[in-house]
1. Check off (1) polar (S, T, N, Q); (2) within 13 Å of chain A (Cβ to nearest Cβ); (3) touching a residue at least 40 places away in the same chain (Cβ under 8 Å) for B:Thr112 and give me the number that stays unchecked.
2. Residues of the stretch A:35-72 being away from every other protein chain (no Cβ under 14 Å), in contact (Cβ under 8 Å) with a residue 24 or more places away in the chain, part of a strand (DSSP E or B) and in contact with an Asp or Glu (Cβ under 8 Å, 6 or more places away or on another chain), which ones?
3. Being within 21 Å of B:Gly40 (Cβ to Cβ) and either in contact with a helix residue (DSSP H, G or I) (Cβ under 9 Å, 6 or more places away or on another chain) or within 14 Å of chain A (Cβ to nearest Cβ) (or both): is that true of B:Leu84 here?
Amino acid sequence: KQEVTQIPAALSVPEGENLVLNCSFTDSAIYNLQWFRQDPGKGLTSLLLIQSSQREQTSGRLNASLDKSSGRSTLYIAASQPGDSATYLCAANLYTGGFKTIFGAGTRLFVKA
Amino acid sequence: EAGVAQSPRYKIIEKRQSVAFWCNPISGHATLYWYQQILGQGPKLLIQFQNNGVVDDSQLPKDRFSAERLKGVDSTLKIQPAKLEDSAVYLCASSSLQYNSPLHFGNGTRLTVT
């Protein structure tokens, strides 16, 4: 069964801390992986899309890496701020004869001022 | 650019009633998705359209759910009759390319079935 797992489920850190969110997937037939942010009562906002041929993507204080061989992606947030508090989800686009997108359940992040 | 528009934002119905959700994707986006998100879980794909054709509806409970995308732009998702377990947020998303461009989501419709 194809699964996407995110660890930890919840994380609370003080402002200014650098942090890493993890996403693991069980199928090596990954086409690309996308990281999203979801604020309470809102839809998902795309943060980074990383192709299977890439090792990492950067946007501002965010850096996402992808390791196909180990089935892992990490989202690194530098110098965290209270405004970063949200749920972060990863979604793996897998190709096994046809495309399928599978979302993780997310990591709920709280950054304390 | 204008984002993905969804309506209504909230809906409360009794079980066995029917309900419809509407989505207007970003202009020019050929691919449109409907997702169901249950509290504490990631979104689950219900149906994917490419223009006005269905690409994937393998997880759509077809005995009660239906969706259409006439003219390849707006889309509606209908539930009839609703069950208690249909209580969730229904998210619409669009993208310019299938699978190789970012997904853009609307704010969703929160459905409560009592």
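Read-outs: derived from the displayed coordinates by stated rules, not from any lab. From a predicted model like this one, the values you see are computed outputs, not experimental measurements. Glycine also receives a Cβ, built like all others from the backbone with ideal geometry; neighbour counts cover every protein chain displayed.
1. With (1) polar (S, T, N, Q); (2) within 13 Å of chain A (Cβ to nearest Cβ); (3) touching a residue at least 40 places away in the same chain (Cβ under 8 Å) applied to B:Thr112, the lone miss is (2).
2. The one that is away from every other protein chain (no Cβ under 14 Å), in contact (Cβ under 8 Å) with a residue 24 or more places away in the chain, part of a strand (DSSP E or B) and in contact with an Asp or Glu (Cβ under 8 Å, 6 or more places away or on another chain): A:Leu66.
3. no
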